[in-house]
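Student: Sharing a structure here in structure tokens format.
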């Protein structure tokens, strides 16, 4: 499953509108056609998320950001090896599970720097 294309072209949004990588407040989610097979549907959703992530990194690189060489992952996505493999297929870089995978860890580290710097 993670090494094959679903053949679906989804742009999964929870509601209308996106800011990045497509700046369009009127952009609608694209979740059709919906296959009867739920596994194939989820496969398409995960690919859609990976494509959005890829487009984001491409835009950052075009705006003079450093070239993507690896990705550290945290949160719920870090717990899903199939999603990690799909992301790796699109991003073409190693995807490494962060030492601390709680989604709030990065925010806590950034917030703590304010206090450490003082």
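Student: Could you tell me whether the range 63-82 includes any residue that is part of a loop (DSSP other than H, G, I, E, B), within 16 Å of residue 6 (Cβ to Cβ), free of Cβ contacts under 8 Å to residues at least 60 places away in the same chain and under 13 Å from the mean Cα position of the chain (by Cα)? Before the answer, list the steps.
Tutor: Narrowing the range 63-82 to residues part of a loop (DSSP other than H, G, I, E, B): 63-70, 74-75, 80.
Checking the rest, the ones that are also within 16 Å of residue 6 (Cβ to Cβ) come to 80.
With free of Cβ contacts under 8 Å to residues at least 60 places away in the same chain added as a condition, the list becomes 80.
After this cut, where a residue has to be under 13 Å from the mean Cα position of the chain (by Cα) as well, the list is 80.
Yes, there is a match, as at least one residue in the range 63-82 is part of a loop (DSSP other than H, G, I, E, B), within 16 Å of residue 6 (Cβ to Cβ), free of Cβ contacts under 8 Å to residues at least 60 places away in the same chain and under 13 Å from the mean Cα position of the chain (by Cα).
Student: Applying the selection to the range 90-118, what residues are out of contact with any strand residue (DSSP E or B) (no Cβ under 9 Å at 6 or more places or on another chain) and within 14 Å of residue 57 (Cβ to Cβ)?
Tutor: 90, 92
Student: Right, next: How about the range 83-118: which of its residues are at pLDDT 95 or above, in a helix (DSSP H, G or I) and exposed (fewer than 11 other Cβ atoms within 10 Å of the Cβ)?
Tutor: None - no residue of the range 83-118 is at pLDDT 95 or above, in a helix (DSSP H, G or I) and exposed (fewer than 11 other Cβ atoms within 10 Å of the Cβ), so the list stays empty.
Student: Right, next: If you take the residues of the range 14-40 that are within 16 Å of residue 51 (Cα to Cα) and touching a helix residue (DSSP H, G or I) at 6+ places or on another chain (Cβ under 9 Å), which of them is surrounded by the most Cβ atoms within 10 Å (Cβ to Cβ)?
Tutor: Result: 18.
Student: Also, quick follow-up: Among 60, 46, 54, which is surrounded by 14 or more Cβ atoms within 10 Å (Cβ to Cβ), at pLDDT 85 or above, under 24 Å from residue 11 (Cα atoms) and out of contact with any helix residue (DSSP H, G or I) (no Cβ under 9 Å at 6 or more places or on another chain)?
Tutor: 60
The values are calculated or read from the model by the stated rules, or taken from the named source; none is laboratory data. Keep in mind that this is a model prediction, so the values were computed, not measured. Cβ: placed from backbone, ideal geometry, glycine included. Neighbour counts: every protein chain shown.
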